[in-house]
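The values are calculated or read from the model by the stated rules, or taken from the named source; none is laboratory data. In this text, all values refer to a predicted model and were calculated from it rather than measured experimentally. Glycine also receives a Cβ, built like all others from the backbone with ideal geometry; neighbour counts cover every protein chain displayed. SASA here: full protein model, heavy atoms, side chains in, ligands and nucleic acids out. Shrake-Rupley method; radii C 1.70, N 1.55, O 1.52, S 1.80 Å.
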Amino acid sequence: MFIKQISVFLENENGRLKAFTKVLGDNDIDMKAICIADTIDFGILRCVVDDPEKAVKILKESGFTASITKVIAVSLDDTPGGMSNVLDLLEGADIGVDYVYSMLRESESTAMIIFKVSDPERAGKILTDAGIKLFCLDEL
């Protein structure tokens with residue numbers, strides 16, 4: 001019901017993002033989604049990859065600070081209010097949303113959104129019980 005996202009601390013230095021992507025590429029790790037939040041001195045890169053455990057191991061061996069976090073990947077109607085419906089369900093269950101980012105579209109009528117929530121297992125059950133499609137890693 002949830003997927004494993006890797007979070008990587010990146011210093012704001014020229015070439016650091018390139019080094020990250022090279023490590024993944026050299027080790028045949030495929031990125032499915034990516035998001036970077038930055039400050040003046042550093043950024044937090046969050047991404048979904050096809051082998052998160054291998055990615056974290058390789059990244060740490062290459063000098064990166066990396067960890068795994070549980071997130072949920074949700075298919076939403078790509079219409080006004082589509083995301084609001086999901087947020088209504090989560091709020092009604094008192095499940096906090098820490099952050100969100102989007103993935104490539106599944107089709108013209110749907111959007112794929114990654115949610116980092118306070119309780120991914122319970123959020124997944126609530127959303128699937130409401131008929132909302134969640135993705136496993138092998139479906140991405």
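Would you confirm whether any residue within region 117-125 is open to solvent by 60 Å² or more (accessible area, probe 1.4 Å), at pLDDT 90 or above and of a type in the set (Gly, Ala, Ser)? Yes: one or more hits.
May I ask you to list the residues in region 34-53 that are open to solvent by less than 80 Å² (accessible area, probe 1.4 Å) and either among the hydroxyl-bearing types (Ser, Thr, Tyr) or modelled with pLDDT of 90 or more (or both)?
Within region 34-53, Ile34, Cys35, Thr39, Ile44, Leu45, Arg46, Cys47, Val48, Val49, Asp50, Asp51, Pro52 qualify.
Could you pull out the residue among Met112, Met103 that is within 16 Å of the chain's Cα centre (by Cα), surrounded by 18 or more Cβ atoms within 10 Å (Cβ to Cβ) and either modelled with pLDDT of 80 or more or of a type in the set (Lys, Arg) (or both)? Every option except Met112 fails the conditions.
In summary, Ser75 fulfils each of the numbered conditions (1) in contact (Cβ under 8 Å) with a residue 12 or more places away in the chain; (2) more than 20 Å from Asp129 (Cβ to Cβ); (3) polar (S, T, N, Q) with the single exception of condition (2). Put simply, of Ile95, Ile68 the only residue that is modelled with pLDDT of 90 or more and surrounded by 16 or more Cβ atoms within 10 Å (Cβ to Cβ) is Ile95. Once region 71-84 is narrowed to residues that are polar (S, T, N, Q) and exposed (fewer than 14 other Cβ atoms within 10 Å of the Cβ), the residue that is nearest to Met1 (Cα to Cα) is Ser84.
Among the residues of region 82-94, is there at least one that is touching a residue at least 60 places away in the same chain (Cβ under 8 Å), outside any strand (DSSP E or B), assigned by TED's automatic domain parsing to the domain that holds Leu134 and among the aliphatic types (A, V, I, L, M)? No: region 82-94 contains no residue that is touching a residue at least 60 places away in the same chain (Cβ under 8 Å), outside any strand (DSSP E or B), assigned by TED's automatic domain parsing to the domain that holds Leu134 and among the aliphatic types (A, V, I, L, M). On the stretch given as region 25-75, residues that are more than 14 Å from the chain's Cα centre (by Cα), among the charged types (D, E, K, R) and under 30 Å from Ile126 (Cβ atoms) total 1. Report yes if Lys54 is in contact with an Asp or Glu (Cβ under 6 Å, 6 or more places away or on another chain) and either in contact (Cβ under 8 Å) with a residue 40 or more places away in the chain or part of a helix (DSSP H, G or I) (or both), otherwise no. Against the criterion (in contact with an Asp or Glu (Cβ under 6 Å, 6 or more places away or on another chain) and either in contact (Cβ under 8 Å) with a residue 40 or more places away in the chain or part of a helix (DSSP H, G or I) (or both)), Lys54 does not qualify.
I'm checking my understanding of the structure. Among residues of region 2-33 that are on the phi < 0 side of the Ramachandran plot and part of a loop (DSSP other than H, G, I, E, B), which one is most open to solvent (accessible area, probe 1.4 Å)? Write out each step before concluding.
So the first thing to find is which residues in region 2-33 are on the phi < 0 side of the Ramachandran plot, and the list is 2-14, 16-27, 29-33.
Subsequent filtering for residues that are part of a loop (DSSP other than H, G, I, E, B) retains 2, 12-14, 27, 29-30.
Details: Phe2: 65, Asn12: 78, Glu13: 114, Asn14: 165, Asn27: 45, Ile29: 15, Asp30: 74 Å².
The extreme case among them is Asn14.
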